[in-house]
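To keep things clear, I will list the structure first and then write my remarks on it.
The values are calculated or read from the model by the stated rules, or taken from the named source; none is laboratory data. Since this is a predicted model, take the numbers as computed values, not measurements. Cβ: placed from backbone, ideal geometry, glycine included. Neighbour counts: every protein chain shown.
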């Protein structure tokens with residue numbers, strides 16, 4: 001079955017390996033553009049907590065570092081990996097640094113922005129830690145502004161995970 005929606009793309013991880021996002025098909029996914037030197041950087045802690053809580057039920061966080069906002073992600077892939085591990089114990093996937101706006105924006109973010117525009121229908125991402133919630137089929141469910149914390153998003157994640165388990169039980173007759 002071909003990947004759908006937001007999962008129909010590839011991205012390089014911090015080790016330079018190309019990852020097919022279809023690997024996350026069937027999971028609820030929170031895609032976040034991140035930065036190491038941003039006022040919202042402490043959200044890594046909440047993202048890790050949410051990931052650890054919900055990962056066993058089929059949830060993942062995918063972080064995409066970006067240096068387009070105030071040059072707040074200047075480091076190399078190795079620098080980013082060390083920062084995330086040392087400061088926040090990040091265990092969810094972190095990808096290589098990308099652009100999220102402009103002519104060089106990663107195709108994934110072009111897709112996300114077109115399927116979940118921001119305030120007043122604008123597609124441009126305005127700052128680090130903009131988040132996109134994607135359902136098990138790759139459909140973009142919701143876009144969250146940078147100030148929305150992982151705790152603010154938790155109920156939406158749990159709702160999608162619950163709807164998945166309910167539909168699986170219905171499919172199996174349980």
Complete set of residues in region 20-40 that are part of a loop (DSSP other than H, G, I, E, B) and either touching a residue at least 24 places away in the same chain (Cβ under 8 Å) or touching a strand residue (DSSP E or B) at 6+ places or on another chain (Cβ under 6 Å) (or both):
25, 26, 27, 35, 36, 37, 38, 40
Can you say whether residue 65 is at pLDDT below 95, at negative phi and in contact with a strand residue (DSSP E or B) (Cβ under 8 Å, 6 or more places away or on another chain), as far as the supplied structure shows?
no
When region 82-117 is checked residue by residue, the ones that are in a loop (DSSP other than H, G, I, E, B), in contact (Cβ under 8 Å) with a residue 24 or more places away in the chain and out of contact with any strand residue (DSSP E or B) (no Cβ under 6 Å at 6 or more places or on another chain) are 89, 90, 91, 101, 102, 106, 117
Of all residues in region 50-61, which are touching a helix residue (DSSP H, G or I) at 6+ places or on another chain (Cβ under 7 Å) and either closer than 9 Å to residue 150 by Cα or surrounded by fewer than 22 Cβ atoms within 10 Å (Cβ to Cβ) (or both)?
50, 54, 57, 58, 60
Give me a count of the residues in region 118-134 that are surrounded by fewer than 19 Cβ atoms within 10 Å (Cβ to Cβ) and in contact with a strand residue (DSSP E or B) (Cβ under 7 Å, 6 or more places away or on another chain).
1
